[in-house]
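The values are calculated or read from the model by the stated rules, or taken from the named source; none is laboratory data. The model shown is predicted, which means the values in this text are computed figures rather than measured ones. Note that we place each Cβ from the backbone using ideal geometry, even for glycine, and neighbour counts take in every protein chain shown. Protein only, heavy atoms only, side chains kept; ligands, DNA and RNA dropped before computing areas. Shrake-Rupley method; radii C 1.70, N 1.55, O 1.52, S 1.80 Å.
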Amino acid sequence: MNPPRLPLCCLPTPVHPLPRLSDRLGLDVWIKRDDLTGFAGGGNKGRKIEYLIAEALARGAHTVVTCGSTQSNFIRQMGAGCAVAGLRCVAVCMDLPYDGSAGKPTQPGVPSTGGNVTLDEWYGVELVRVPDGTWEQLAEATSATAAELGEGVYLCPLGGSTPLGVYAFYQAGLELEAQGPGFKRIVTATSSGSTQTGLAHAFRGTGTRVLGIQCDPEPEFVHDLAALSRAYASEFGGDPLPAEAFEAWLDWVGPGYNVPGDETREAVALLARTEGIVLDPVYTGKAFAGLVGLARQGVLTGRVLFWHTGGFPVVFAG
Ligand SMILES: *Cc1c(COP(=O)(O)O)cnc(C)c1O
């Protein structure tokens, strides 16, 4: 059964080769332009929000409560979705949420003003700012806020990574399959996990393997992806993917979530100066640094797709 969907994005997003970059890397690199999903400044979250908002409306909710970093792309796109659907949007945020085992990064993250925060204001998002802490503390503060608001609240977890978020990216994988040449590898930024999990479900049993480049330092991440896959399979049917079926690379996280490293900055400059395409410092810059690094290590060969997940407004943070 297909879940209800509120069409918001401009789909399908384009797929095209990157000839100048390919020459530089000695690899046949293509790009999937989910930076061009169109709605609310683009990005991968638009695909999930089409389903999440439809579910909130179907449940008769009047308010969406969600969370993220203050500079979250998900909050920005969810805020716009709520505005369109006539829902109130309350978002609990921390400037620099971090993984408990890794601790808080010592270097400053991207600024928590301008960029997405400007757009949040335009969309009427009510930001509830809480002091920096772990991702678990952010989730707890979000549940507490939802409980205070009482009935009619649709609680949406970090990054929209619910079974519906996975479903949205399963559909996105089918969209790519219908568009183009076969790819040996798809490289994507991965963080809350539904983008990678949905794509992995779409390409299971094919010649295409999905590689996630992690944007926050979480060593047990593939187990989170497996848990998300189980939740997805129990709602939508089919067999879940085990942790071993997922490939996630920690090597390009840099100093921590929300903090770009030198490799991130070099990767951003490389794509800008070869193809004129803009990456962001939090997600896609790290993922692209991963693609370049894996190409240099010889892990990537043949035809490879970089899934551009957006994040453009963060360039104007500060
Ligand atoms: C949220 C986000 C990601 C990660 O997607 P998940 O589904 O949360 O793993 C990647 N890139 C950008 C720009 C994002 O905003």
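Work out how much length residue 136 to residue 236 would gain on full extension: take 0.36 nm times their residue separation and subtract the Cα-Cα distance, in nm to one decimal.
Gain on stretching residue 136 to residue 236: 33.3 nm.
Write down, largest first, the equivalent ellipsoid semi-axes of region 181-285 in whole Å, where each equals the square root of 5 times an eigenvalue of the alpha-carbon gyration tensor. It would help to have the intermediate numbers written out before the result.
Details: eigenvalues 145, 56, 20 Å².
After scaling each eigenvalue by five and taking roots: 27, 17, 10 Å.
Hey, what D do you get for region 243-283 in µm²/s if you plug the Kirkwood alpha-carbon radius into Stokes-Einstein at 37 °C and 0.692 mPa s?
Numbers: Rh = 11.5 Å.
Result for D is 285 µm²/s.
Once amide H atoms are built 1.01 Å from N in the peptide plane, which residues 5 or more positions from residue 186, or in another chain, come under 5 Å H to H?
The list, which skips near neighbours in sequence, is 209, 210, 211, 305.
How high is the relative contact order of the chain? Use alpha-carbon pairs under 8 Å, at least six apart in sequence, and give a whole percent.
After rounding, I find 23 percent.
Suppose a student asked you for the relative contact order of region 1-65, using Cα pairs under 8 Å spaced at least 6 residues apart; what percent would you report?
36 percent
What does the highest-first list of 190-196, 84-90 look like by mean Cβ count within 10 Å?
190-196, 84-90
Pull out a ≥ b ≥ c, the square roots of the eigenvalues of the alpha-carbon gyration tensor of region 109-170, then state rounded if a/c is under 1.5, prolate if not and a/b is larger than b/c, and oblate in the remaining case.
rounded
With each pseudo-label sitting 7 Å past Cα toward Cβ, what's the residue 299-residue 265 distance in nm, one decimal?
Once both label points are built, they end up 2.4 nm from each other.
Probe 1.4 Å, all protein chains in place: accessible area of residue 223 in Å², nearest 10?
Around 100 Å² of this residue is reachable by solvent.
7 Å from Cα along Cα→Cβ at both residue 220 and residue 148: what's the point-to-point distance in nm?
3.0 nm
Can you name the helices of the chain, as whole DSSP H runs, whose Cα span along the helix axis is 15 Å or more and whose Kyte-Doolittle mean is not below 0.5?
Passing helices, by number: 73-85, 284-296.
Per residue and in Å³, how big is the convex hull formed by the alpha-carbon atoms of region 1-134?
176 Å³
Per residue, how much space in cubic angstrom lies within the convex hull of the C-alpha atoms of region 172-212?
Per residue, the Cα convex hull of region 172-212 comes to 58 Å³.
Just by accessible area at a 1.4 angstrom probe, what is the order of 184, 48 from largest to smallest?
Details: 184 95, 48 0 Å².
Result of the area sort, largest leading: 184, 48.
With θ set to phi - 60°, apply the Karplus curve 6.51 cos²θ - 1.76 cosθ + 1.60 along region 150-159 and write out the HN-Hα couplings as whole Hz, x wherever there is a Gly or Pro.
Per-residue couplings from phi come out as x, 5, x, 9, 9, 8, 10, x, 2, x Hz.
Calculate the length of the line joining the C-alpha centroid of region 224-279 to that of region 78-94, in whole Å.
Region 224-279 and region 78-94 have Cα centres separated by 25 Å.
Dividing the convex hull volume of the alpha carbon atoms of the chain by its residue count, what do you get in Å³ per residue?
Values: hull volume 38.0 nm³, N = 318.
Here the figure is 119 Å³ per residue.
Leaving out same-chain residues fewer than 8 places away, which aspartates and glutamates sit with a Cα under 12 Å from that of residue 32?
175, 177
Ignoring ligands, DNA and RNA, what accessible area per residue does the chain give at 1.4 Å, in Å²?
Values: 12510 Å² over 318 residues.
About 39 Å² of surface per residue is accessible.
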